[in-house]
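Remarks on the structure that follows.
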């Protein structure tokens, strides 16, 4: 989320006790995402960085909670890293300078557990006022920002946020906002926690796409979307985590990742071969991909599945027997053979993939129509399968969704939709379980790639 929300409170709240709770999913510190990333900040003035509150994801993956006024106060930097791009993290941080115990004046919880290991650990004197909750100070979510035309470098958060709470005058624990799911054992949010918000408190659910800064606490402490910025409301939530493309295996192919790791661009100096964050060995799955740019070649854009991670800069999807790819010229490539399969793609097309791992078949489609082996694209449902049984062996028994570049010339770009898109959707189709947001209706029995479906079918 390279954009941010802001609010300036006309009158302050409790500056000695408050709690912030939120969930974040980082796009990672790979594939072009670099530098410290500010998740939340309050800064007193443009000329003095010592009067500031900030919570950020540092460039080494650690978390930092800082509350400084005049160069002294709270500073906590974790030793543990929290940069997994596949995971949602729940953070609760409390400021309680009234507390007689120094180490309890600033607390961080992550996924229900209090953090106790810090590389930097400094606590404030008792009864110190925070910058947070000060009147007339700019409170920002998603970046570091000042209230008076600051021209310095902003370091925005690259990722997603959910369920942002601020409780004015209360010091709560993580268990007040989250709980362990009895079925999965995973920490999950309490949808309606029993907490109080005080005067300046708020609860941002991000449910209203037309007003993402809407406060649901009852206080009407709404945040403002900064002018000129565009937000994407996502169905990817801590309760239902969607698959993305992965920047982790990117040392050889060096693809570029943007927009929650769902916008992938190929590298001009090598063959791009990037995979999804999750692999599957069973189930039926539906995926779309917006063809944002084809690239220089008539067969440059490639997307399909692979049963192994990329191994070399010279390897393309479909070059061997353990990957298969649909190309923008309407062919699919498998075991280094190109097979005519349907009409070619243009920039702006939406490619469709129905992946049947139970019967070892894949179906390709283009703009709402499924292809068959004769080259027609007039099937209402994917009735003509392309067998993928040869992809699997005792060694390679799982499949990744993969994006590729057929020429090594760069320029191929895809916005991949596992059910939580970054491109505009006009029809908002869901799978049979009511999950996902697709341009076209998933075929019967095929599902969005998200944790709730994976628990059922994966």
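Per-structure values
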quantity	calculated
Per-residue [θ]222 nm for the chain (sum of -39500 (n - 2.57) over DSSP H runs n ≥ 4, rounded to 500)	-500 deg cm²/dmol
Compactness relative to 2.2 N^0.38 Å, alpha carbon Rg of the chain	1.06
Volume per residue of the C-alpha convex hull in the stretch 256-457, rounded to whole Å³	104
Distance-filtered residues of the stretch 114-136 - backbone nitrogen under 17 Å, label point 7 angstrom along residue 84 Cα→Cβ	114-115
For the stretch 100-227, diffusion coefficient by Stokes-Einstein and Kirkwood Rh (Cα), 10 °C, 1.306 mPa s, µm²/s	92
Descending principal axes extents, the stretch 5-225, alpha-carbon based, whole Å	48, 42, 38
Gain on full stretching of the segment that runs from residue 337 to residue 409 - 0.36 nm per residue minus C-alpha separation	23.9 nm
Rounded to 5, percent antiparallel among DSSP beta bridges of the chain	100
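Readers should treat all values here as calculations from the given coordinates under stated rules, not as data from a laboratory. Since this is a predicted model, take the numbers as computed values, not measurements. Note: ideal-geometry Cβ built from the backbone for every residue, glycine included; neighbour counts use all protein chains shown.
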